[in-house]
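Comments concern the structure below.
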Amino acid sequence: MPELPEVETIKRTLNELIVDKHIDHVTVNLPRIIQRPDDIHAFAMELAGHRITGVERRGKFLRILLDGLVLVSHLRMEGRYGLYSQDDPVEKHTHVIFHFKDGTELRYQDVRQFGTMHLFPAGQDLLEKPLNKLGLEPMDESFTPEMLRDAVGTRSTSIKAALLNQSYVVGIGNIYVDESLFKAGIHPAQPAKSLTDSQFHVLHEAIVSTLGASIQVGGSSIKSFVNGQGKTGGFQHQLQIYGRNAKPCVNCGTLIEKSVVAGRGTHHCPVCQPLH
């Protein structure tokens with residue numbers, strides 16, 4: 001958390017808030033957030049004077065585009081961005097501040113302190129870690145049932161483990177894997193290689209529709225997620241399986257069961273998602 005819909009929401013919000021702003025200087029209060037370069041002073045010096053031209057997403061990563069540079073940011077569990085006036089008090093757990101020449105500031109806050117930032121020359125970021133090993137983008141028009149099958153269909157691991165693996169398909173975390181598998185009627189522990197072509201078609205549609213529905217309402221605010229304007233998402237009110245342990249299935253009324261699959265807490269309906 002945040003997963004693809006939440007990062008997509010943040011991306012869209014930041015595109016409204018920070019595009020065309022010029023960086024005056026950068027303050028780094030927690031050096032370990034900065035992974036590249038390994039010198040925080042070099043990081044700040046490289047960014048000074050640059051203009052933000054756009055914000056894109058790759059999997060769960062933000063790509064903040066500047067004239068000649070790309071800042072790759074991973075929010076991990078509880079990282080968040082917000083735009084403030086330079087006169088606003090700096091809140092606790094504010095680890096990086098991008099001071100703009102117009103008197104506003106983009107502040108990165110992270111209670112858990114797990115987030116990362118990598119700075120690259122434009123275009124280089126896609127060729128190196130952490131982006132160069134990422135898998136298929138499920139919201140791209142090029143994403144098809146056949147591509148999904150080719151990516152995970154030969155794996156002996158559970159289908160849940162395969163979908164959580166970011167080198168196969170990106171952005172689908174625990175919440176959306178459970179929701180997509182429920183919608184597709186597939187047990188999370190079913191071996192990926194045992195799925196039929198028709199199941200991959202149904203699963204593909206379930207993934208795309210689930211992620212799309214969440215993006216439409218600004219993602220899921222299960223814990224602390226807010227977008228760059230401090231607003232919460234709404235998809236947590238539409239969840240059909242995740243977090244519903246021991247509650248009746250919305251389809252058949254059977255009590256939802258919770259187990260551990262791929263090392264993650266996992267919800268499924270024993271009737272609607274039989275294990276084959």
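Identify, please: which residue in the stretch 255-267 is among the β-branched types (Val, Ile, Thr) and either surrounded by 13 or more Cβ atoms within 10 Å (Cβ to Cβ) or out of contact with any strand residue (DSSP E or B) (no Cβ under 7 Å at 6 or more places or on another chain) (or both) and is, among those, farthest from ILE172 (Cα to Cα)? Selected residue: ILE256.
Filtering the stretch 68-108 to residues that are out of contact with any Phe, Trp or Tyr (no Cβ under 9 Å at 6 or more places or on another chain), more than 26 Å from ASP125 (Cα to Cα) and assigned to a strand (DSSP E or B) leaves TYR84, SER85.
Among the conditions (1) under 24 Å from the mean Cα position of the chain (by Cα); (2) of a type outside the set (Phe, Trp, Tyr); (3) surrounded by 14 or more Cβ atoms within 10 Å (Cβ to Cβ), ARG32 misses just one, which is (3). The residues listed here are ARG149, ARG112; of these, the one that is of a type in the set (Lys, Arg) and touching a helix residue (DSSP H, G or I) at 6+ places or on another chain (Cβ under 8 Å) is ARG149.
Search the stretch 109-149 for residues being part of a strand (DSSP E or B) and farther than 23 Å from THR94 by Cβ, and hand back the single one that is farthest from the chain's Cα centre (by Cα). It comes out as PRO121. For the stretch 50-60, the criterion of being under 22 Å from LEU134 (Cβ atoms), in contact with a Phe, Trp or Tyr (Cβ under 6 Å, 6 or more places away or on another chain) and in a strand (DSSP E or B) is met by no residue. Only residues that are closer than 22 Å to ALA213 by Cα, free of Cβ contacts under 8 Å to residues at least 40 places away in the same chain and in contact with a Lys or Arg (Cβ under 6 Å, 6 or more places away or on another chain) were counted in the stretch 163-176, giving 0. No other residue among GLY49, GLY54, GLY59 is in the same structural domain as VAL90 (by TED's automatic domain parsing), buried (at least 18 other Cβ atoms within 10 Å of the Cβ) and not β-branched (Val, Ile, Thr) apart from GLY59.
Annotation for the stretch 190-200: at least one member residue is at pLDDT 95 or above, in contact with a strand residue (DSSP E or B) (Cβ under 9 Å, 6 or more places away or on another chain) and surrounded by fewer than 21 Cβ atoms within 10 Å (Cβ to Cβ). For the stretch 153-162, a residue qualifies if it is without any contact (Cβ under 8 Å) to a residue 60 or more places away in the chain, over 22 Å from LYS129 (Cβ atoms) and within 20 Å of the chain's Cα centre (by Cα), and exactly one does: ILE159. Scan the stretch 69-85 and give yes if some residue there is surrounded by fewer than 16 Cβ atoms within 10 Å (Cβ to Cβ) and among the acidic types (Asp, Glu), otherwise no. Looking through the stretch 69-85, none of the residues is surrounded by fewer than 16 Cβ atoms within 10 Å (Cβ to Cβ) and among the acidic types (Asp, Glu). Look at LEU83 and say whether it is in contact with a Leu (Cβ under 8 Å, 6 or more places away or on another chain), more than 22 Å from ASP39 (Cβ to Cβ), in the same structural domain as ARG36 (by TED's automatic domain parsing) and of a type outside the set (Val, Ile, Thr). Yes: the conditions hold for LEU83. Pick from the stretch 101-122 the residues that are farther than 21 Å from ASP67 by Cβ and not hydrophobic (A, V, I, L, M, F, W, C): which of them is surrounded by the fewest Cβ atoms within 10 Å (Cβ to Cβ)? This residue is ARG112. Residues being farther than 22 Å from LEU134 by Cβ and of a type in the set (Ser, Thr, Tyr): count how many of those fall in the stretch 164-201. The number of residues fulfilling the criteria is 3.
The values are calculated or read from the model by the stated rules, or taken from the named source; none is laboratory data. Please read these numbers as outputs of a predicted model, since none were measured by experiment. Please note: Cβ atoms are built from the backbone with ideal geometry, for glycine as well, and neighbour counts cover all protein chains shown.
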